[in-house]
1. Scan segment 651-666 for residues that are of a type in the set (A, V, I, L, M) and modelled with pLDDT under 95 and jot them down.
2. Select from segment 872-883 the residues that are in contact with a strand residue (DSSP E or B) (Cβ under 8 Å, 6 or more places away or on another chain) and farther than 21 Å from Y850 by Cβ and list them in ascending order.
3. Just to be sure before I move on: is N252 without any contact (Cβ under 8 Å) to a residue 40 or more places away in the chain, surrounded by fewer than 23 Cβ atoms within 10 Å (Cβ to Cβ), under 26 Å from S351 (Cβ atoms) and not small (G, A, S) in the structure I sent?
4. Scan R347, R406, R398 and give me the residue that is assigned by TED's automatic domain parsing to the domain that holds W439, touching a Leu at 6+ places or on another chain (Cβ under 6 Å) and of a type in the set (K, R).
5. Being within 15 Å of R927 (Cα to Cα) and part of a loop (DSSP other than H, G, I, E, B) is the filter here; which residues of segment 873-887 pass it?
6. If you go through segment 942-955, how many residues are closer than 18 Å to Q890 by Cβ and either surrounded by 23 or more Cβ atoms within 10 Å (Cβ to Cβ) or under 26 Å from the mean Cα position of the chain (by Cα) (or both)?
7. State yes or no: is Y556 hydroxyl-bearing (S, T, Y), within 27 Å of T639 (Cβ to Cβ) and free of Cβ contacts under 8 Å to residues at least 24 places away in the same chain?
8. Any residue at all in segment 581-601 that is surrounded by fewer than 16 Cβ atoms within 10 Å (Cβ to Cβ) and either in contact (Cβ under 8 Å) with a residue 60 or more places away in the chain or assigned by TED's automatic domain parsing to the domain that holds V175 (or both)?
Amino acid sequence: MNRKISRLVFAVAGFFMLVSNSCFALGEKSYISQTRQAGDVVLVGANSTASLYVDTGDYASVQRAVGNLQKDIESIGGKKPVITNDALALKGQAVIVGTIGKSKLIDQLIAAHKIDVSGIANQWDAYQLVTVQNPLPDVAQALVIIGANKRGGAYGVYDLSEQIGVSPWYWWADVPLKKKSSIAIRKNTLVQEIPKIKYRGIFLNDEAPALTNWVAKNYGNYNQQFYGKVFELLLRLKANYLWPAMWNNAFNVDDEQNRFLADEVGIIMGTSHHEPMMRAHKEWTAENGKWDYQSNKAKLYPFWEGGVARNKNQESLITIGMRGDGDEPMSESENISLLENIVKDQRQIISKVYAKPATEVPQVWALYKEVQAYYEKGMRVPDDVTLLWCDDNWGNIRRLPKPEERKRAGGAGVYYHFDYVGGPRSYRWINTNSIAKVWEQMDLAYQFDARQIWIVNVGDLKPMEYPIEFFLRMAWNPEKWPKERLPEFGKLWAEREFGAEHAEEIATLMTGYSRHNYRRKPELQDATTYSQLHYDEADRVTAEIRDLRSRAEALYAKMPAEYKDAFFQLVLHPVKASAIVTEMYNMVGKNRLYARQGRSNANDYAAQARALFKADADLQRQYDTELSGGKWQHFMDQTHIGYIHWDQPAANTMPLLYDLQPHNGADMGVAVEDIEPAWPQNAASVWPHQGNYQLARFDPFGKQQRTITVFNKGTKPFKYTAKASAPWIVLSDSSGQVVGSQTIKVSIDWSKLPMGKVEGMVDIKGTGWGSANIKVSALNVAPLPQDFKGFVESDGNVTIEAEHYSNSRNAGQFSWQKIPEHGRHLSSMAVFPRSDRHFTDLSQAPYLEYTAYLYSTGDVSIDSIFAPSLPFAEGPGLRFAIAVDDEKPQVFNIVKDMSLKAWEESVKDEMRKITSRHHIAKAGLHRIRLYSLDAGLTLERIVMNTGGLFASYLGPKESTRK
């Protein structure tokens, strides 16, 4: 047997998974059956349960886990198993749990060669589950769960709990337990698990008002009762590390039992990036003086010494270094010598308190914000200290270890964010994290050897359940979650929580809403985010999220009563909340646009916006009062509507609406698709040198229907007529009566259109003396070559999703591969494996090639859209090259502009756009080739502007593909 394999599951021949009631650890094969075969361990039988054994001398964490397993089995199977500490009392069927070196029975079974633990021995947090025949004289079969350290046995126990039907979120999200009348553990089961990341945890942060208000209502303070629930969740998710709530709280002071409980259950405690030496910032009071080591060492030194001394008997990971008061930069200039002296003194304290070299005590230095600059300018800490690299607070890792840094004894880790307070905009209300983005960045961390610590800022914990689970599952073993399994994760998660019947639909909802929020966070949305004018963008985006809402509501109606609370908080609420906010801003945008155009029905959209604003409040009220009987009241207290700068509004604030007062008469206006001013306003500013209204040009492969809207500027109805100047212009209506507005759909009869570019006119008459003349143009072209495969120019552009390449070239082991569900559109492409390799010779670099058929000639531009990654590796940056046909490739660095403004735009838009210029000499077939020169470059799409590209947030839909 290969001992390096992290998980081995051997099942009896003929094994099959029960569909309706099967349960499993997420992403793993089931070793549970409801039909016993010979040699299986009967966990729950018709009249009995297996006995549970744990040694009284074993870790308290293991004994607590066994106690929870007893409750889980009773809840699932209806029968309460006995827990015994006496091996001689075991008879028949048993579950034996213990830690190597702490459980006498486990050690005896090892010595007797009943179990082989060589695969996990001396491995951090490792565990093993194995079925054993006749392990003891009176025991026929037993499941033996072995831990290699303080937590291993507990992880093994919770692995079993999840397999039998207990979700890790059974309490935190009210996921129902999956009842079973019988449970068997298959013979020949062998599970061996060893985590790839040593410290795996979360940071409760930005916790006021939501979490703090909820804690105050239910627990009074952040005490051991509250943290007990958090600790259990972490262990069930195989995490081991926590930065506790700290905005106005101090873990060790709020309840002095907190740290003892953490150590007892096996959670390693730390403090955040700006709270050194196991001290909460709240513990530093005004009486202590200034938070300045240069002027106030006399107070800070003993303050830190007291923190380390207080926690020295509990398992800790000590944060060292120093930032300014209140998580601010320490000084205007980086005082490297002062910081090095601070670290030296902190290490002196650690060595003195622990009475051993500081090298033997785990420490971490968080290179957060300006602290990374200290490091880049030469500051160093001892080799045994873990360097905790950080993202930019928006999920883009700023730096990862260089080759020489990977040799450090302390290794490296990553501090990541699902939640943030700060510029360019705080985002704290709801999940806005795409798990594909999390994967793309954390896979980089893993490949570049940042494997010591993975910790993520999760805000209030709820409602980040979904990305938290993904992050921690990936942290346990990134190799189990390659990019190809990203679409599978949502389905497996949904199946575990809600059963197989609707798992695919629920996965679609989870991916859909989280990607919707990822491409523009709700806090960043406003009436101008999605275009009211171009590509039907605002309505298209709204329709997509409304469709998800309708599907979620339909599923909610089908859910059995016991599943409704869990489904509401995990699926329906985030989908519905996201839809309400987006639709509200769409209505606000329409109200403002239509009011500027003078449409009498502008106020109807204001009314809809107000109704949606109220629906948002009603949904919060439902979360507070109806969900789980009010259990989660306050978790939606975070304000999220009405931001005007980086920080949250004091209360949700209705966006500005226009109150239009139409006159008491009939008055015609005409709005033309893609143009903001409405006739009879002057359109010259929109169509320079034209001075009139016109529809965007029609062509055979583009949009086949465009709109002209006749609207009333007054309160009395009027009649209109519309006449086309040529038979090839087709109007959906040639006359009508307008009360509010009426849309005329314009299309082309291609059979009547001459070849080449042709122009015509639509004349619209209504009230008054004048008429609106709308120009219509169309381009009729010869058929494409029969053998053409690729994209066709249409609507003045060629838009191509990155994965739809026509050809590619590898560079040895390096190849472009798809990251499914990544980015703002369909997916993304990146070069794998990730490495330190940089290409300078384009003839050797991997490329993607796209084929396009162009009708336009002359100067064009290409927008290459990339993920907003940062230059995390040593080297020239994140470079690519692009060329059309045989022209000389142009080389660009997508992070050349590292200004604050450029960064803010990239994280708000979740992309970086680089525009290149090219010349097309003749119409016909053309080839676009894009080369990747540096690791971490992630391409989402390319858009060629041949003269008709409009401004919008997401850009056009993908062009016609042949």
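The values are calculated or read from the model by the stated rules, or taken from the named source; none is laboratory data. For clarity, every value in this text was computed on a predicted model and none was experimentally measured. Note: ideal-geometry Cβ built from the backbone for every residue, glycine included; neighbour counts use all protein chains shown.
1. Here is the first cut: in segment 651-666, the residues of a type in the set (A, V, I, L, M) are 651, 654, 656-657, 660, 666.
None - no residue of segment 651-666 is of a type in the set (A, V, I, L, M) and modelled with pLDDT under 95, so the list stays empty.
2. Here is the first cut: in segment 872-883, the ones in contact with a strand residue (DSSP E or B) (Cβ under 8 Å, 6 or more places away or on another chain) are 872-873, 875-883.
Within segment 872-883, F872, A873, G875, P876, G877 meet the criteria.
3. Numbers: without any contact (Cβ under 8 Å) to a residue 40 or more places away in the chain: no; surrounded by fewer than 23 Cβ atoms within 10 Å (Cβ to Cβ): yes; under 26 Å from S351 (Cβ atoms): yes; not small (G, A, S): yes.
No: the conditions fail for N252.
4. So the residue among R347, R406, R398 that is assigned by TED's automatic domain parsing to the domain that holds W439, touching a Leu at 6+ places or on another chain (Cβ under 6 Å) and of a type in the set (K, R) is R398.
5. As a first pass, look at segment 873-887 and keep what is within 15 Å of R927 (Cα to Cα): 881-887.
Listed by number, the residues that qualify are D885, D886, E887.
6. Of the residues in that region, 3 qualify.
7. On the way: hydroxyl-bearing (S, T, Y): yes; within 27 Å of T639 (Cβ to Cβ): yes; free of Cβ contacts under 8 Å to residues at least 24 places away in the same chain: yes.
Yes; evaluated as a whole, the condition is true for this residue.
8. Quick first cut of segment 581-601, residues surrounded by fewer than 16 Cβ atoms within 10 Å (Cβ to Cβ) only: 596.
Right, trim to either in contact (Cβ under 8 Å) with a residue 60 or more places away in the chain or assigned by TED's automatic domain parsing to the domain that holds V175 (or both) and you get 596.
Yes.
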